[in-house]
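Student: Would you mind keeping the following structure in view while I ask a few things?
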Amino acid sequence: MAVMGPTTAGDVERLAANLLKLARARVGMSQRELAEAAHVAQSTIARIESGTRQPSLPVLARILAAIDLEMRITLEGYDNHDDVLDAEHARLSADQRASRQAAQDLFTDELRDSVAGL
């Protein structure tokens, strides 16, 4: 049985946020416009996109349906491609990990700011 490493787990945790941001960018809507179309609070969209809220699949599907998109999920055999990243991460010192995390956080903030204007 495969065990999901921290890289894959992090990707899964950010999946709903990234899907929603991508969907919004695809149709050129603001968070407020999407919230109105989906009949949810704007804060719901913001919390999902920031990763502070994990929506259920039905809620995410309903939000996407409001902009004429649907989720399609496929199941595949487990791919351990992220194990290489996890092994590299484990070899880093605490300072190196903190430095990489700070760079990733900065990139994420800049990306979020650029997407927020869509």
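Student: Take segment 43-58 and flag every residue that is hydrophobic (A, V, I, L, M, F, W, C) and more than 14 Å from Leu15 (Cβ to Cβ).
Tutor: Passing the criteria: Ile45, Ala46.
Student: Need the failing condition index for Glu88 against (1) on the phi > 0 side of the Ramachandran plot; (2) free of Cβ contacts under 8 Å to residues at least 40 places away in the same chain, just the number.
Tutor: (1)
Student: Inspect segment 93-113 for any residue being surrounded by 11 or more Cβ atoms within 10 Å (Cβ to Cβ), under 29 Å from Arg24 (Cα atoms) and touching a residue at least 60 places away in the same chain (Cβ under 8 Å) and give the result as yes or no.
Tutor: Yes, the conditions are met somewhere in segment 93-113.
Student: Taking Ala98, is it of a type outside the set (D, E, K, R) and modelled with pLDDT of 90 or more?
Tutor: yes
Student: If you don't mind, there's one more thing I want to ask. Are there any pairs with C-beta distances below 9 angstrom linking a residue in segment 37-50 that is in the same structural domain as Ala65 (by the TED database) and closer than 18 Å to Val27 by Cα to a residue that is surrounded by 12 or more Cβ atoms within 10 Å (Cβ to Cβ) and of a type in the set (S, T, N, Q), with the two at least 6 apart or on different chains, and if so which?
Tutor: Ala38/Thr44; Gln42/Ser30; Gln42/Gln31; Ile45/Gln31; Ala46/Gln31; Ile48/Gln54; Glu49/Asn18; Glu49/Gln31
Student: Follow-up question, since we're still on this one. Taking only segment 26-42 into account, find how many residues are surrounded by 13 or more Cβ atoms within 10 Å (Cβ to Cβ) and assigned to a helix (DSSP H, G or I).
Tutor: Here the count works out to 9.
Student: Another one. How many residues does segment 47-105 contain that are assigned to a loop (DSSP other than H, G, I, E, B), over 18 Å from the mean Cα position of the chain (by Cα) and among the small types (Gly, Ala, Ser)?
Tutor: Here the count works out to 3.
Student: Going through Ser30, Ser43 one at a time, which residue ends up being closer than 17 Å to Ala116 by Cβ and touching a Lys or Arg at 6+ places or on another chain (Cβ under 8 Å)?
Tutor: Answer to the selection: Ser30.
Student: Looking at segment 55-65, is at least one residue of a type in the set (S, T, N, Q), in contact with a helix residue (DSSP H, G or I) (Cβ under 9 Å, 6 or more places away or on another chain) and loosely packed, with under 15 Cβ neighbours inside 10 Å?
Tutor: No, there is no match, as no residue in segment 55-65 is of a type in the set (S, T, N, Q), in contact with a helix residue (DSSP H, G or I) (Cβ under 9 Å, 6 or more places away or on another chain) and loosely packed, with under 15 Cβ neighbours inside 10 Å.
The values are calculated or read from the model by the stated rules, or taken from the named source; none is laboratory data. Since the structure is predicted, the reported quantities are computational estimates derived from the model, not experimental observations. A quick note on method: Cβ atoms are made from the backbone with ideal geometry, for glycine too, and the neighbour counts reach across all protein chains shown.
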